[in-house]
Each structure stands twice: as C-alpha cells, then as structure tokens.
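Trainee: The structure follows.
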Amino acid sequence: MKRLSLLKRFIDILRILLIAGVIIGLPFCLLLLFAPQSVSMDILDVPASDLPTIEIILITTMVASLYFAILALRLLSNTLVYFRDGYFFESEVALNFNRIGKAIIAGYMTSSLPCIVYQTFTTPVIISDSFTDWLTDTLFTLALGLFFIVLSEVFLAAKRMKEENDLTV
Amino acid sequence: MKRLSLLKDLSQILFVLSLLSMFFLVPFWLLTFVMPQTIPFKINGETVTNIPLTTKLFFGIIIGGIAFFIYALYIFKETLVLFRKKKIFDMAVIKNFKLIGRCISAGFVLTAGGSMLLSLSRNYISIDFNFIIESIFIICLGLFFFVLGEVFQMAKNIKEENDLTV
C-alpha cells in the first residue's frame, strides 16, 4: 500500500505539470496563431512569424489534446483512491479503466495522427519525427490504451466472481 | 478477447522492433571499443575514435537500461498469453506484473542515470521539461505494475475462498 500512495502522489504531480503546460502553452499557441508578430523569440530556430499556420494549428491541437492525458490521470488517481479504500472490485473501477484506455487512444488520435498525416504529405518546418519514433510511439500509446481496456474487462470478471462469492457465503 | 488479441499483436510488433534495434545497437557499441576506426560516420559531429572511454561506458549503461525495458515488454507479452489461456488471477500473472514493475524501474534508473552522467561528462547541463514529464511517467508505469500485482494477489485470494466455499 506504500507503493500505491507513492504512485498516487506521482500521478498527481504529473497531472499538475500537464495542467501547467496547458495553461502556459495554449495561450502561447493562440498568440502565435493570431498575433505572431508580437512573439519576438524563435521557435526551434525558426522565427515565430515564419511558422506556417497549419503547423501552429497542429501544435495548438497537440497542446489542447493534453486534456485527454489529464483526464486519464485524474481517472487513474480516482481509481487509486478506490484501491486505497479497499474497493477493488467496484464497477466504477472497471468503468474508470475503460475510460482511461479510451482517453489515451483519443488523445493519440487528436494529437499525433494529424501530425503524421501532415508529415506524410508535406515537408514540415518544425514538426518532425523520424519514422521509427513515430512507429514506436504509435504502437506504445495504442498498446497502453488497449491494456487499460483489457484491464477493465478483467476487473469486471473479478467483480462478478466476488459477487458469486458473496452470494455463496 | 478481440481487444486482447489486438493488444498481443501490437506488443509483439513492438517487441520485435525493439529487439531489432538492440541487434544493431549492441554490436555497434562493441565496435566503438574494438574497432572505432571502422565506423565511417560521426556521432553528434564527433568521430568515434575521438569519443572518450567514459562516454562509451555511459552509452553502455543506457543500452543496459533499454534491455530492461525490452525484457519488461517480453514478460508483458507472456502475461497476455496467460490472459488468453484464461489464467487471470494466477500466481504466474502476479509474479509477472511485479517483475515488469521491477524491470521498468531498473530500466529507468539505468537510462536516466546513464543520460545524466553522459550530459555531465560532456559539460552539458540543462533542465528539460520533457525529460521530467517522461521520467515521472516511467516511474508511474513501474509503480502501476507493482500495484496491479498486489491487487491481483487480493483477487486470487478471493477466488480461492470462492472455490473453497463452493
């Protein structure tokens, strides 16, 4: 249970960092989109005013899609509270795992997929990822999302088993 | 079960790709010690013969960390096979989850430690937001598997009670 508390703490820190990232990143992206001349700094060695609008939109979408990661972390944190209180086989736990899986996959679909499509058809200025990075990231994220969905099915099965057990006793 | 098969296929592909990268990485690393002059290209703008021994050793630590991650992936794949055989609350699954947690933690310590030592040896010190986020994410992933192992252990106990009462 010590590990559970530690995990919860780390997840909460990660969530706060991501929220801070969105709070700082989103207005900055919108500023780049609507008033690029007001940004005097270079973004990855490219002057802000030279950035293509489509790439700024893609980056804004990526930052906005952090919402899904924050949602997944919040759900995981809630699930750990259930675990800490000894409720392992509640339907909420299974439901949360299912939602976490879907949030991870949705986050990937809204952030990385448009970038990959964009990179396939054009030569990007700042958005660039090698093919192997793209492939491993895609596989890892989808596998993680699916793992949580599989876990939700496993916990549903465990819940049914526990109910049977309670009935027999 | 369809999702389980899909997850198993995805992790299999990821495992094969990771293994392939190791097949290139390990001989290349050994070559930097034995015959550095045979490597025709530069690494970070530096010829391999000029790379100091400590840097090569720190690279070795990072490769060791990657090996732990690949082993964790292999055990994860094996656990999915157990799930498919309907062995869910089984001792093997519990052991596997705990082992995955240990491997991820060891992999993190080695890769993060190796990267930091490498940066320090090259007098390149900086705080990277991405590095912090990724580090916390990997620590969480390792801890999550430990917690899963504990939860599955409790489920197994309940199942055994169930079997005894019936």
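Trainee: Going through the range B:16-34 one residue at a time, which ones are of a type in the set (A, V, I, L, M, F, W, C) and at the interface with another protein chain (Cβ under 10 Å from one of its Cβ atoms)? Break it down into steps so the answer makes sense when it comes.
Mentor: Going through the range B:16-34, the residues of a type in the set (A, V, I, L, M, F, W, C) turn out to be B:16-17, B:19-20, B:22-26, B:28-31, B:33-34.
Correct list: B:Leu17, B:Leu20.
Trainee: Same structure again: In the range B:117-130, which residue that is assigned to a helix (DSSP H, G or I) and surrounded by 14 or more Cβ atoms within 10 Å (Cβ to Cβ) is modelled with the highest pLDDT?
Mentor: Residues of the range B:117-130 that are assigned to a helix (DSSP H, G or I), as a first pass: B:117-121, B:129-130.
Now drop any that are not surrounded by 14 or more Cβ atoms within 10 Å (Cβ to Cβ), which leaves B:117-119.
Numbers: B:Leu117: 88, B:Leu118: 85, B:Ser119: 85.
For the range B:117-130, the residue satisfying everything is B:Leu117.
Trainee: Got a sec? Which of A:Ile23, A:Ile16 is under 16 Å from A:Met62 (Cα atoms), exposed (fewer than 14 other Cβ atoms within 10 Å of the Cβ) and of a type in the set (A, V, I, L, M)? Spell out how you get there, then give the answer.
Mentor: On the way: A:Ile16 fails: under 16 Å from A:Met62 (Cα atoms).
Being under 16 Å from A:Met62 (Cα atoms), exposed (fewer than 14 other Cβ atoms within 10 Å of the Cβ) and of a type in the set (A, V, I, L, M) holds for just one of A:Ile23, A:Ile16, which is A:Ile23.
Trainee: Something else: Tally the residues that are at pLDDT below 80 and over 26 Å from A:Thr123 (Cβ atoms), restricting the search to the range A:41-87.
Mentor: 0
Trainee: Considering A:Ala64, A:Ala143, which residue is of a type in the set (Gly, Ala, Ser) and farther than 28 Å from B:Leu80 by Cβ?
Mentor: Going through A:Ala64, A:Ala143 in turn, the sole match is A:Ala64.
Trainee: Could I ask something else about it? With B:Ile94, B:Ile75, B:Ile62, B:Ile66 as the choices, which residue is in a helix (DSSP H, G or I), touching a Phe, Trp or Tyr at 6+ places or on another chain (Cβ under 6 Å) and touching a residue at least 12 places away in the same chain (Cβ under 8 Å)? Explain how you work it out, then say what you get.
Mentor: Working: B:Ile75 fails: touching a Phe, Trp or Tyr at 6+ places or on another chain (Cβ under 6 Å); B:Ile62 fails: touching a Phe, Trp or Tyr at 6+ places or on another chain (Cβ under 6 Å); B:Ile66 fails: touching a Phe, Trp or Tyr at 6+ places or on another chain (Cβ under 6 Å).
Answer to the selection: B:Ile94.
Trainee: With the requirement that a residue be in contact (Cβ under 8 Å) with a residue 24 or more places away in the chain and closer than 19 Å to A:Thr79 by Cβ, what does the range B:136-146 give you? Full working, then the answer.
Mentor: Step one: of the range B:136-146, the residues in contact (Cβ under 8 Å) with a residue 24 or more places away in the chain are B:138-139, B:141-146.
Scanning the range B:136-146 gives B:Ile139, B:Leu141, B:Gly142, B:Leu143, B:Phe144, B:Phe145, B:Phe146.
Trainee: Looking at the structure I just gave you, is B:Thr55 over 24 Å from A:Lys159 (Cβ atoms), surrounded by 13 or more Cβ atoms within 10 Å (Cβ to Cβ) and β-branched (Val, Ile, Thr)? Break it down stepwise before answering.
Mentor: Numbers: over 24 Å from A:Lys159 (Cβ atoms): yes; surrounded by 13 or more Cβ atoms within 10 Å (Cβ to Cβ): yes; β-branched (Val, Ile, Thr): yes.
So B:Thr55 fits the description; yes.
The values are calculated or read from the model by the stated rules, or taken from the named source; none is laboratory data. The model shown is predicted, which means the values in this text are computed figures rather than measured ones. Neighbour counts run over all protein chains shown; Cβ positions are idealised from the backbone, glycine included.
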